[in-house]
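Worksheet: one structure, shown below.
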Amino acid sequence: MALELDISRIRSVKGSSESYHLEVAEFDFMDDNWQLAKPLLVDVTISHEGQFLGFRGNANTAVKGNCSRCLEPVVVPVECSFAEQLLYAKDVSLFSHLAVGEVEEKYFIYDNDTLDITDIIRESILAVLPPKILCKDDCRGLCPKCGKNLNQGQCDCDLHEVDPRLAILAKLKEAEEV
């Protein structure tokens with residue numbers, strides 16, 4: 001679902017400002033690790049600041065994923081803020097004094113009166129999420145042999161295995177002991 005704002009009034013009146021409140025129940029993170037656990041609330045203020053539009057706001061939600069070690073479901077609260085400078089595509093020529101690519105680094109370029117903020121929101125949320133999902137810092141994970149969740153108790157597996165590449169050394173050690 002795209003998050004779109006009508007910015008026609010702000011774009012045409014210098015010094016104007018408008019606030020928006022969006023609430024969505026579904027959001028595509030373009031990342032299979034995360035899904036919304038509660039609705040995404042987005043508050044945005046856009047103001048006409050001369051040659052560009054100022055775009056500021058925050059997003060609040062909770063996302064769910066699976067622990068990287070034990071695969072149990074995990075819910076992570078998310079609160080992030082964002083700020084961008086929006087530049088109308090036809091006004092890019094006003095910044096010809098800047099080096100190639102510098103305009104795109106400094107400004108988010110839009111080309112019509114409907115502004116799709118989905119990518120800005122997605123990037124802001126993903127930036128504050130942990131790179132590795134853990135249910136708790138000391139998660140013990142799964143047994144590599146039987147797959148039991150080691151947070152729920154120890155399994156009976158013998159995890160002392162000799163690397164097959166080093167098996168010859170174990171045989172030599174056994175021969176010395178005899």
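What number, rounded to the nearest 500 deg cm²/dmol, is the helix-based mean residue ellipticity at 222 nm of the chain, given -39500 (n - 2.57) per DSSP H run of at least four residues and division by all its residues?
For the chain, the value works out to -5000 deg cm²/dmol.
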Exercise. Pick out which of 43, 158, 138 has the largest mean-square fluctuation in a Gaussian network model of the chain, springs linking Cα atoms closer than 10 Å.
Key: 158
Practice problem: Count neighbours as other Cβ atoms within 10 Å of each site's Cβ, and list the GluC sites (Glu not before Pro) in region 20-75 that are DSSP loop with at most 15 such neighbours. | Solution: 26, 49
Self-check item: region 26-87: C-alpha pair distances exceeding 17 Å, %
Solution: 53
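Can you divide the C-alpha Rg of the chain by 2.2 N^0.38 Å and report the result to two decimal places?
Cα-based Rg divided by the globular estimate yields 1.66.
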Quiz item: How many angstrom separate the Cα center of region 9-75 from the Cα center of region 113-178?
Solution: 32
Self-check item: Residues of type aspartates and glutamates that residue 14 reaches as a straight line, Cα spacing below 20 Å, ignoring anything fewer than 8 places off in the same chain
Solution: 6, 49, 84, 91, 111, 113
Practice problem: Starting from the coordinates of the alpha-carbon atoms of region 1-50, obtain the Kirkwood hydrodynamic radius over all distinct pairs and give the value in Å to one decimal. | Solution: 12.8
Practice problem: Compute the accessible area per residue over the chain, keeping the other protein chains in place, probe 1.4 Å, unit Å². | Solution: 65
Practice problem: Take every Cα pair under 8 Å in region 63-178 that's 6+ residues apart, average their separations, divide by the length, and report that relative contact order as a whole percent. | Solution: 30
Quiz item: At a 1.4 Å probe radius, carbon and sulfur cover how many percent of the accessible area of the chain?
Solution: 49
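Going down the list 64/148; 38/148; 64/132, which pairs span over 24 Å between their C-alpha atoms?
Violating the 24 Å Cα-Cα cut-off are 38/148.
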Exercise. Pick out which of 115, 22, 166 has the largest mean-square fluctuation in a Gaussian network model of the chain, springs linking Cα atoms closer than 10 Å.
Key: 166
Quiz item: How much FRET efficiency would the formula 1/(1 + (r/R0)^6) give for residue 150 and residue 127, where r is the Cβ-Cβ distance and R0 is 41 Å, rounded to 0.05?
Solution: 0.85
Quiz prompt | Counting all C-alpha pairs of region 130-169, share separated by more than 13 Å (%) | solution = 63
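The values are calculated or read from the model by the stated rules, or taken from the named source; none is laboratory data. If you're wondering where the values come from, they're calculated on a predicted model, not measured in any experiment. Cβ coordinates were reconstructed from backbone atoms using ideal geometry, including for glycine residues, and neighbour counts include every protein chain displayed. Surface accessibility is based on the protein's heavy atoms, side chains included, excluding ligands, DNA and RNA. Shrake-Rupley method; radii C 1.70, N 1.55, O 1.52, S 1.80 Å.
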